[in-house]
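Have a look at the structure below before the remarks.
The values are calculated or read from the model by the stated rules, or taken from the named source; none is laboratory data. Predicted model only: the values in this text are computed from it and were never measured. Ideal geometry is used to build each Cβ from the backbone, glycine not excepted, and the neighbour counts take in all protein chains shown.
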Amino acid sequence: MTFTDLPDLASRALGGGVVDANDEFFAARDNLVNPEPSSFETWTYGPKGKVYDGWETRRRRTPGHDWAVVRLGAPGVVRGVIVDTAHFTGNYPPQVSVEGCEVGDHPSPDELAAASWTELVPRSPVRGDTRNPFAVSAGARCTHVRLNIYPDGGVARLRVHGTVVPDPRLLHGLTVDLAAAELGGLVVGCSDMFYGSPGNLILPDRARQMSEGWETARRRDEGNDWVTIRLAAPGRIRLAELDTTHFKGNAPGAASLRATASASLDGDDVAWFDLLPRTRLQPDTRHRFRLDSPAEATHVRLDIFPDGGMARLRLWGETT
């Protein structure tokens, strides 16, 4: 697994946001964390010049450099960063660096400015119109990152890939969605993702359209499609929600859920137990099922029969 296989902790889809920047004269800082790729249209000009789908500062005429502070939607350990300069060709920064910090609760920009920052990516050269990747070895938990650009210019997207490490106070003794990506749930296996990523299943909020779910190709054999999720923490699942919203002519005909308490899925001797037997599904519907199994689980496998698409999977329970 490479760091790009891990979730983007800064993504707006997980609740990330740009909380401060010293300049955004040409293009808004908020674009940095948009989940979709940056777009470009040659004819879009505004009163300040070319309109870019990214963050762009004015030409610096004084010493120093520009910066933007990003609140991670899901705090965690950063494993890699991508500084994407897509469409910035003559106006990208020649060099960048990235720092991280951990500040509890909900700090203001002034409080973040006074925080203790750790170097994640040293000052490094980047190329224009390019996804510039940087592996990160620092192992500290971060709630915020700061992108520094030298001396000025434009960046389309900032991707901060890593392992989610939630605040245990938000989990202990409460009923939570143990599959949620924002709490550390992670897709670790999938049979097919031809039309949509299985990672969409565990994103926050409801899907706004079919493209925001998981959808497989049409199966022409006797098998079925499936996805496996490592839960945010070991727990007992009490309620499952299988949401086929927006999938009207391509919802699965049925689905089942199995779970295991194995520390990992390595080897062929993993013991699975049933959570939900094969059950008929309806198109464009949020299905909720009360589960009776009291056993602890670390991973859950969703099987759909034979194929199709699903918007979200929620697995409500308590951590153990």
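All conditions in (1) of a type in the set (Gly, Ala, Ser); (2) within 21 Å of Ser39 (Cα to Cα); (3) within 18 Å of the chain's Cα centre (by Cα) hold for Gly73, with the sole exception of (2). Taking Pro37, is it exposed (fewer than 15 other Cβ atoms within 10 Å of the Cβ) and more than 24 Å from Gly184 (Cα to Cα)? Considered against the rule, which asks whether it is exposed (fewer than 15 other Cβ atoms within 10 Å of the Cβ) and more than 24 Å from Gly184 (Cα to Cα), Pro37 comes out as no.
Within region 203-223, the set of residues being outside any strand (DSSP E or B), in contact with a strand residue (DSSP E or B) (Cβ under 8 Å, 6 or more places away or on another chain) and either under 20 Å from Lys248 (Cβ atoms) or among the β-branched types (Val, Ile, Thr) (or both) comprises Arg206, Ala207, Met210, Ser211, Glu212, Gly213, Thr216, Arg219.
With respect to His246, determine if the residue is modelled with pLDDT of 95 or more, in contact with a helix residue (DSSP H, G or I) (Cβ under 7 Å, 6 or more places away or on another chain) and surrounded by 13 or more Cβ atoms within 10 Å (Cβ to Cβ).
In short, yes.
Figure legend. Inter-residue proximity from region 4-17: first residues closer than 16 Å to Asp205 by Cβ, second residues acidic (Asp, Glu), beta-carbon distance below 6 Å, spacing 6+ or different chains. Indicated pairs: Leu14/Glu182.
Only one residue in Ala86, Ala27 is more than 19 Å from the chain's Cα centre (by Cα), under 30 Å from Ala207 (Cβ atoms) and surrounded by 23 or more Cβ atoms within 10 Å (Cβ to Cβ), so which one is that? Before you say what the answer is, go through the steps one by one.
Numbers: Ala86 fails: surrounded by 23 or more Cβ atoms within 10 Å (Cβ to Cβ).
Exactly one residue qualifies, and that residue is Ala27.
The residues of region 201-218 that are within 11 Å of Thr245 (Cα to Cα) and among the acidic types (Asp, Glu) amount to a single one, Glu212. The condition of being surrounded by fewer than 16 Cβ atoms within 10 Å (Cβ to Cβ) and at pLDDT 95 or above holds for only one of Arg278, Arg236, that being Arg278.
Residue under question is Val164, and the condition is that it be in contact with a Ser or Thr (Cβ under 8 Å, 6 or more places away or on another chain) and among the β-branched types (Val, Ile, Thr); does it hold? Lay out the reasoning, then the answer.
Numbers: in contact with a Ser or Thr (Cβ under 8 Å, 6 or more places away or on another chain): no; among the β-branched types (Val, Ile, Thr): yes.
When the stated conditions are applied, Val164 does not pass them.
Where strands (runs of 3 or more DSSP E) fall wholly inside region 138-202, the ranges with 1 or more residues that are buried (at least 17 other Cβ atoms within 10 Å of the Cβ) and over 19 Å from the mean Cα position of the chain (by Cα) are 141-150. Gly16 meets each of the listed conditions (1) more than 28 Å from Pro166 (Cα to Cα); (2) crowded, with 23+ Cβ neighbours inside 10 Å apart from (1).
Looking across region 220-238, just one residue is among the acidic types (Asp, Glu) and touching an Asp or Glu at 6+ places or on another chain (Cβ under 6 Å), and that is Asp225.
Once region 256-278 is narrowed to residues that are assigned to a strand (DSSP E or B) and out of contact with any Phe, Trp or Tyr (no Cβ under 7 Å at 6 or more places or on another chain), the residue that is farthest from Val188 (Cα to Cα) is Pro277.
Identify, please: which residue in region 1-24 is of a type in the set (S, T, N, Q) and closer than 21 Å to Cys101 by Cβ and is, among those, nearest to the chain's Cα centre (by Cα)? Show your work before the answer.
Let us first name the residues in region 1-24 that are of a type in the set (S, T, N, Q), namely 2, 4, 11, 22.
Add one more test, that the residue is closer than 21 Å to Cys101 by Cβ, and what stays is 11, 22.
Values: Ser11: 6, Asn22: 26 Å.
Filtering region 1-24 for residues that are of a type in the set (S, T, N, Q) and closer than 21 Å to Cys101 by Cβ, the one nearest to the chain's Cα centre (by Cα) comes out as Ser11.
Scan region 279-305 for residues that are closer than 19 Å to Leu231 by Cβ and part of a loop (DSSP other than H, G, I, E, B) and the total you get is 6. Screening Glu36 against (1) in contact with a strand residue (DSSP E or B) (Cβ under 8 Å, 6 or more places away or on another chain); (2) among the acidic types (Asp, Glu); (3) under 30 Å from Pro204 (Cα atoms) leaves a single unmet condition, (1).
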